[in-house]
1. Only one of these is on the phi < 0 side of the Ramachandran plot, modelled with pLDDT of 95 or more and more than 23 Å from the chain's Cα centre (by Cα): Ala92, Ala119, Ala142, Ala101. Name it.
2. Check Leu83 against each of (1) within 14 Å of the ligand (Cβ to nearest atom); (2) in a helix (DSSP H, G or I); (3) closer than 18 Å to Ala119 by Cα and name the one condition it does not meet.
3. Being surrounded by fewer than 20 Cβ atoms within 10 Å (Cβ to Cβ) and of a type in the set (Asp, Glu) is the filter here; which residues of the stretch 364-423 pass it?
4. Evaluate the following for Ala45: is it small (Gly, Ala, Ser), outside any loop (DSSP other than H, G, I, E, B), within 14 Å of the ligand (Cβ to nearest atom) and open to solvent by 10 Å² or more (accessible area, probe 1.4 Å)?
5. Return the total of residues in the stretch 287-321 being over 14 Å from Asn67 (Cα atoms) and either in contact with a Leu (Cβ under 7 Å, 6 or more places away or on another chain) or in a helix (DSSP H, G or I) (or both).
6. Which condition number in (1) open to solvent by 10 Å² or more (accessible area, probe 1.4 Å); (2) in contact (Cβ under 8 Å) with a residue 12 or more places away in the chain; (3) at positive phi is the one that Arg271 fails?
Amino acid sequence: MRIPHGSALHVQDGDLHLEQVALKTLATTHGTPLFAYSKAAMLQALAAYQRGLAGRSAQIFYAMKANSNLAVLQLFVQAGCGLDIVSGGELARALQAGCPANRIIFSGVGKSRAELRAALDVGIACFNIESLAELEALNAVAVAMGVQAPISLRVNPDVDAQTHPYISTGLKDNKFGIAHEDALQAYLHAHALPGLRVVGIDCHIGSQITQTAPYLDAMNKMLDLVQAVEAQGVPIAHIDFGGGLGIDYAGDTPPNADELWRALLALIDARGMGNKTIFIEPGRSLVGNAGVCLTEVQYLKPGAHKNFCIVDAAMNDLPRPALYQAFHEILPTQTRSATTQTWTVVGPICESGDWIGRDRELAIETGDVLAVASAGAYCMSMASNYNTRNRAKEVLIDGDQVTVIRERDTYADQWALERMLPQA
Ligand SMILES: *Cc1c(COP(=O)(O)O)cnc(C)c1O
């Protein structure tokens with residue numbers, strides 16, 4: 001069994017703990033499936049970025065789509081973060097969690113006019129614009145409201161982030177951003193529009209990036225563009241470098257956030273742009289390894305070709321294996337003396353894609369609780385009610401303290417907004 005780096009998981013007296021809480025006991029108290037997040041792990045992950053950017057004019061915007069629970073947002077906002085949002089729903093959530101509007105930035109390729117209006121209305125810090133059409137739409141909305149919208153253009157630097165194709169976003173043929181070669185013209189155009197105020201430049205090249213080189217490539221291309229745009233008389237106050245830093249799922253060794261930023265800031269300084277404000281939008285790297293999903297073994301189904309371990313969490317709780325063939329470490333929460341066997345861990349959903357881990361060496365019995373590691377990011381925020389399954393409960397761990405931060409759905413919650421046909 002391998003405990004991922006940065007997870008606050010450790011074995012004590014034979015039992016797996018998250019901070020000071022034994023996970024088997026936690027599952028008994030709160031039921032399964034259950035998401036548990038370590039406050040210390042989240043704040044430690046944040047601290048690495050804060051160290052890396054110390055002494056600079058900089059703002060960290062937590063990309064809240066990774067995990068948008070209100071309590072998680074509160075934690076990051078109280079620690080000084082702003083929030084990077086991608087929808088009107090996330091705007092509402094961010095405000096509900098107490099994030100000041102001037103610490104919100106808005107990303108995404110398909111912001112609706114209503115979403116643009118709502119964000120202008122509360123006065124967010126910056127709109128990250130992804131196309132010329134969006135530039136025109138935001139200008140029209142802002143002019144009609146009699147305001148100026150602060151904008152940056154999301155530039156697609158055309159670098160290969162060397163990650164899964166579904167989470168690689170900085171290549172020419174991705175739907176994201178404005179092509180690098182079109183960006184200068186787009187800036188000149190934006191600068192001339194009355195409803196817009198150019199404040200920055202933005203990129204986000206992908207997710208689960210474990211190499212430094214793609215980041216350095218992207219930064220070089222961004223700085224080229226900043227120089228070209230400023231040479232035409234359009235000042236760029238901030239460089240938003242997106243998120244995307246990877247975490248240890250399966251022995252991955254991404255650079256530490258502080259080391260990565262030391263290298264990036266050295267590059268910025270070497271090119272004489274050390275006075276620029278830095279924005280970043282990390283998501284996964286702040287929360288991914290802070291979370292586990294606890295699930296109970298329902299049935300063991302050994303077979304001639306494969307042994308299946310059927311658990312009570314499924315692809316509706318943990319969508320990443322089905323969506324990206326992603327690997328999550330699966331850890332027993334108690335030590336068993338029995339010898340291990342090879343198990344494929346699956347959920348109860350009626351889909352062959354509903355698997356959580358393939359061919360894992362585990363010593364388990366029916367009724368055991370397993371911890372699916374690295375489940376703090378893109379799990380609960382992607383969860384659904386498929387198969388009319390209640391979405392899980394969530395708790396925050398702080399030392400030996402356990403705080404419920406989301407109750408489990410009830411069946412009645414699931415159909416509360418549905419309307420039955422009138423009876424004849
Ligand atoms: C998803 C996203 C992020 C965060 O990505 P992570 O890989 O979770 O760090 C940042 N910026 C934008 C625009 C995004 O879409």
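The values are calculated or read from the model by the stated rules, or taken from the named source; none is laboratory data. Note that the coordinates shown come from a computational prediction; the quantities given were computed from them, not determined experimentally. When we count neighbours, we look across all protein chains shown, and the Cβ atoms used for this are built from the backbone with ideal geometry, even at glycine. Quick note on the areas: whole protein, heavy atoms, side chains included, nothing else; ligands and nucleic acids left out. Shrake-Rupley method; radii C 1.70, N 1.55, O 1.52, S 1.80 Å.
1. Ala142
2. (2)
3. Glu365, Asp398, Asp400, Glu407, Asp409, Asp413, Glu418
4. Taking the combined requirement at face value, the residue satisfies it.
5. Here the count works out to 6.
6. The failed condition is (3).
One line per residue, one yes/no per condition, for (1) buried (at least 18 other Cβ atoms within 10 Å of the Cβ); (2) without any contact (Cβ under 8 Å) to a residue 40 or more places away in the chain; (3) within 15 Å of the ligand (Cβ to nearest atom):
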residue	(1), (2), (3)
Ser57	no, no, no
Ala101	no, yes, no
Gly110	no, yes, yes
Arg117	no, yes, no
Asp121	no, yes, no
Phe127	yes, yes, yes
Ala133	no, yes, no
Ala142	yes, no, no
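So that you can scan it fast, the table gives a plain yes or no per residue for (1) within 16 Å of the ligand (Cβ to nearest atom); (2) out of contact with any strand residue (DSSP E or B) (no Cβ under 9 Å at 6 or more places or on another chain):
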{"site": "Val234", "(1), (2)": "no, no"}
{"site": "Gly244", "(1), (2)": "yes, no"}
{"site": "Gly251", "(1), (2)": "no, yes"}
{"site": "Asn307", "(1), (2)": "no, no"}
{"site": "Asp312", "(1), (2)": "no, no"}
{"site": "Met315", "(1), (2)": "no, no"}
